[in-house]
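Where a number appears in this text, it was derived from the coordinates with a stated rule and is not lab data. Here the structure is a predicted model, which means the values were calculated and not measured. Reconstructed Cβ throughout: ideal geometry from the backbone, glycine too, with neighbour counts over all protein chains shown.
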Amino acid sequence: GTPIPVANLPVDEAVYGTNLYRPDIPLLFEEARTQLDLGADDVGIFGNTELLDGFGWSTYPGYGEAVGAEYEELFDDKKEGAPAGDDSPIFDDFESRIESGPPRLLLANCHDVDRAGHYGEGNAYIDDVKKLDGLVADFWTWLRDAQPQYTDDLLVFFVADHGRHDHDEDNGWHNHGDACVGCREIPMLVLG
């Protein structure tokens, strides 16, 4: 992998024209579609944040939108235009996408824990981590039981984009994503 030096800001092509935050190096989806001759239905990105909108394809010469992945942002049913505040719809859409045809590469961004880490009160962060753990376990159980054809040929990675400060230092969980030891310790789970 290569770090992509972009700001943690949403992409708005209407404002920036050529999409200020679209990467200029090939992305995993473009490489997979090009090297494995995959179609658009074989790849996909799901999430509940606008921050991933620009990461389905790059501006790298010869790649781009034609060999990228479509980003499907999930919204809150009760607040028009607001991202889903819960990660459950991501897993629901993920399962629907798997049931509709055998995709080769899917990415889901579950942003609820990150939001709780920045803005949550009290035990919101801990509660959201526990909830996400349950969603991951339920997804794997569903996949194993309802889609057994995947179990021998599938790798599932669950990884955070960064760690967080230790609770007792620097305002606890509300600060994360820099170079401190806690932020560099990133949880990862690999199944399959």
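Modelled label positions at I25 and V181, each set 7 Å beyond Cα in the direction of Cβ, lie 2.9 nm from each other.
For Y60 and Y119, the difference between the fully extended length at 0.36 nm per residue and the C-alpha to C-alpha distance is 17.7 nm. Once you reduce region 34-92 and region 96-129 to the center of their Cα atoms, the two points are 13 Å from each other.
Relative to the current alpha-carbon distance between E73 and T141, full extension at 0.36 nm per residue lengthens the span by 22.0 nm.
Placing +1 on each Lys and Arg Cβ and -1 on each Asp and Glu Cβ, with no other charges, gives region 49-154 a dipole about its Cα centre of roughly 240 debye. Extending 7 Å from Cα along the Cβ direction at T151 and again at L36 yields two label points whose distance is 2.1 nm.
Of all aspartates and glutamates in the structure, those lying under 18 Å Cα to Cα from K79, and not within fewer than 8 positions of it along the same chain, are E50, D87, D112.
Dipole orientation for region 13-105: of the candidates S88, S100, Y21, Y21 has the Cα lying most toward the positive pole (charges on Cβ; Lys, Arg +1; Asp, Glu -1).
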